[in-house]
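Accompanying notes for the structure given below.
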Amino acid sequence: MSIHGHCPPALAPLQTAFSELFDADEELGAAVAVTLDGDLIAHLWAGYADKRKTQNFAQDTLVPVYSTGKALVSLVVAQVVDQFDITYDTPVGQIWPELNPHGVGAITLAQLMSHQSGLCGFTSPMEASDWFEWETITKRLEATTPLWTPGTAHGYEPITFGFLAGEIVRRISSQTIPQWVATHWREALGLDLWFGGLGGETHRIAELARPTRLPDLSNLTPERQAAFLERWSAPAGRGSATWREANLPAANLHATAPALAEMMSILTTGGERHGERVISPSTLGALCQEHTQGPDKVLPFALSWAAGLLRNGDLGIYGPNPDAVGHSGWGGSCAFADPERGLGFAYVMNKQSHHLLGDPRPLALIRALYDSLD
């Protein structure tokens, strides 16, 4: 398989590891990108953008990265904290009073962003297409009794996270997250990041090859059932035009590897991109610090959550630094930042795997990256 792009000689082990994934038939199409101190130093891509192998995976191929997009949602919320009169300590009920009756309004924004709301999914029946109606879902969140007392535990929110964070952003800024990203990230920073609005860009989107087996959720609990296993747990028609264009900020980000790596690099440069302030240092600290840790009620792992970002902690999926932060998406994509080493990293692909966290493919690439630098 021909590997395209650029990679400095010092990172030759990364290119070798990337090539070996294709040699082992672990990939259909994929890309990896690395930044150092805010500068893009490596971008490799190879393979095919479609299952029939008629279109090459290109430098600008857009990939649906699912929950990796939660990292961008978290950065958007951090910008809103910076630009408006709120902090991560602001009670959610001051922003969204309708959440008060069930106790969600009493937790702080930091607790909401670290999956502590108890609203990881819905137990009462609904149509999977309801996810495409913003007000329908936000009203449903207001009326739902949390699955645990808010603020006492954390449980990953696969889809509801985007509505909780997105409604906070909308009420404070009068913009949806897709609108904010279009203005503050794609236009202002030139990063190839899309929550809907793809229009004439659809020809650049990679076709996904679905996993051949289901993820292992361990023992079944009410929280896992609501979050993942009800027939309405996920939006209908994943990959369809309706799904792509919907306001689903927890799930439908389309991005390139360099855009994700450069997005994460902002966390390695004190909140700047090429000298332009994106997030203040104080907000950056609150964004990346641990807000909760321990067994997750939805994912079968002990996790450390920052304000929407997953902290590497003892997982070790984002390199050797426990203070690295990032997010991973369904099928294998991931993006993270290691501020200690000044590294931003992103991996995207269209051959999905069943791993919930720690897909072996990015793990191999990340291991090779750090081996190159040590």
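Rule-based calculations on the coordinates, nothing more; no lab input. Model, not experiment: these values are computed from the prediction. For neighbour counting, all protein chains shown are included, and Cβ atoms are generated from backbone atoms with ideal geometry for every residue, glycine included.
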Self-check item: Filter result (closer than 27 Å to A42 by Cα, hydrophobic (A, V, I, L, M, F, W, C) and touching a helix residue (DSSP H, G or I) at 6+ places or on another chain (Cβ under 7 Å)) within the range 223-259
Solution: A251, L253
Self-check item: Residues of the range 238-260 satisfying the condition of being surrounded by fewer than 17 Cβ atoms within 10 Å (Cβ to Cβ) and in contact (Cβ under 8 Å) with a residue 40 or more places away in the chain
Solution: G239, T242
Practice problem: Look through the range 292-328, keep the residues that are of a type in the set (F, W, Y) and farther than 25 Å from D374 by Cβ, and return whichever of them is surrounded by the most Cβ atoms within 10 Å (Cβ to Cβ). | Solution: W305
Quiz item: Across the range 157-187, which residue is surrounded by the fewest Cβ atoms within 10 Å (Cβ to Cβ) among those that are charged (D, E, K, R) and part of a helix (DSSP H, G or I)?
Solution: E187
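Yes/no per residue for (1) of a type in the set (A, V, I, L, M, F, W, C); (2) within 20 Å of L119 (Cα to Cα); (3) touching an Asp or Glu at 6+ places or on another chain (Cβ under 7 Å):
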| residue | (1), (2), (3) |
| --- | --- |
| S174 | no, no, no |
| E187 | no, no, no |
| G190 | no, no, no |
| E201 | no, no, no |
| E207 | no, no, yes |
| R210 | no, no, no |
| A226 | yes, yes, no |
| A234 | yes, yes, no |
| G237 | no, no, no |
Quiz item: Of the residues that make up the range 48-59, is at least one out of contact with any strand residue (DSSP E or B) (no Cβ under 8 Å at 6 or more places or on another chain), without any contact (Cβ under 8 Å) to a residue 40 or more places away in the chain and at negative phi?
Solution: yes
Quiz item: For the range 80-94, what are the residues that are in contact (Cβ under 8 Å) with a residue 60 or more places away in the chain and surrounded by fewer than 20 Cβ atoms within 10 Å (Cβ to Cβ)?
Solution: D82, Q83, F84, I86, T87
Self-check item: Which numbered condition E201 misses (of (1) surrounded by fewer than 17 Cβ atoms within 10 Å (Cβ to Cβ); (2) not in a helix (DSSP H, G or I))
Solution: (2)
Quiz item: Before we move on, is E230 touching a residue at least 40 places away in the same chain (Cβ under 8 Å) and surrounded by 22 or more Cβ atoms within 10 Å (Cβ to Cβ)?
Solution: no
